[in-house]
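The numbers here are math on the coordinates, done by the rules we state, and not lab data. A quick note: this is a predicted structure, and the numbers were derived from the prediction, not measured. Quick reminder, even Gly has a Cβ in these numbers, built from the backbone with ideal geometry, and neighbours come from all protein chains shown.
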Amino acid sequence: MPLRLLSLLIICFWLGTVGWLCTVIWAPPESRMVEVDPREAYRAFFDWNDSTSMTLLENGKRRGQVNIAGGSGEDPDRGLFTNSLSVSGVLERISGGRKTREVNLFWRGALEFDEAMDLLAGDFSIRVPRQRITARLGIDGRERTYEARVLSDGAELFSHEDALPDGRLPLGNLGTAGLAGMSGFPIDSFLPDADGEGKSAPEASSDTGLDLTPEARMGTFTLAGREIRAYLLTFRREGSPGAVRVYLSEAGEPLRIESDFGMEAVSEILVPLDAYETDDES
């Protein structure tokens, strides 16, 4: 009797192990997520009302840092409820044998939406300290207009005002105007062309925009060796084979942003900011 019971336990253990392996291989947690309305994930992010720091990676190696904040509340100046998104970050390099970090590029951006997620205003700026280049893009969502300017050492290189083209963010004009000297960093890696290759700044078309289609799922996925219940927002651009995936905790905190083009960002909640290998540059 004890021998039969032991054999039965061994068989049950073996069947359970095989079943678990099959589940992991053929039905990973990501595939078991339930599809939800993207607005549910957006609401979680804006209701989060906090900020997080993330390590920016290129092909697994540290390239800088990103800070993301989301919030919502009554705007006394406008007299309406608004949702806000702000992002800032730096691209860095290691300087010679001193192992000191030098900033190659700094950027910040802010977007405001009303309760129906219609754009109210936007402001983006990029600075390249070594070339003394500053670029700014301001968006008026109510008037559906934008203004772009590029300065070099205080002198204006480019200035343009126009209407927003069919709700698209006019990134191409700004890129063509003077962002070519950005240390060769693949700025458009998150937004590839139809053939999957990101454009370099000098080749950016004047009608470059963010025609992204969102999808959202809710479920459990494995990250940093842990199973975490979270939202998964996937953004795709029409004609592009790749995608950008944003993982948000149930509370709306960004956990990980990854793409099929070598770029990703990981929250310090999951992995310390200085945990990744960097390239030495002389």
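With neighbour counts taken as other beta-carbon atoms within 10 Å, the residues R108, R132, R237 rank, fewest first, as R132, R108, R237. Taking each residue as 0.36 nm, the span from L212 to D260 lengthens on full extension beyond its C-alpha to C-alpha distance by 15.8 nm. Annotation: the residues E156, E215, sorted from fewest to most other C-beta atoms within 10 Å of their own C-beta, follow the order E156, E215. By the count of neighbouring beta-carbon atoms within 10 Å, fewest first, E115, E253 end up ordered E115, E253. In segment 132-168, which residues have a backbone nitrogen under 16 Å from the label point lying 7 Å from D77's Cα in the Cα-to-Cβ direction? Under cut-off, by backbone N: 138-143. Subtracting the Cα-Cα distance of S88 and D114 from 0.36 nm times their residue separation leaves 7.2 nm of extension gain.
Report the FRET efficiency, 1/(1 + (r/R0)^6), for R142 and R101, where r is their Cβ-Cβ distance and R0 is 51 Å, rounded to 0.05. The computed FRET efficiency comes out at 0.80.
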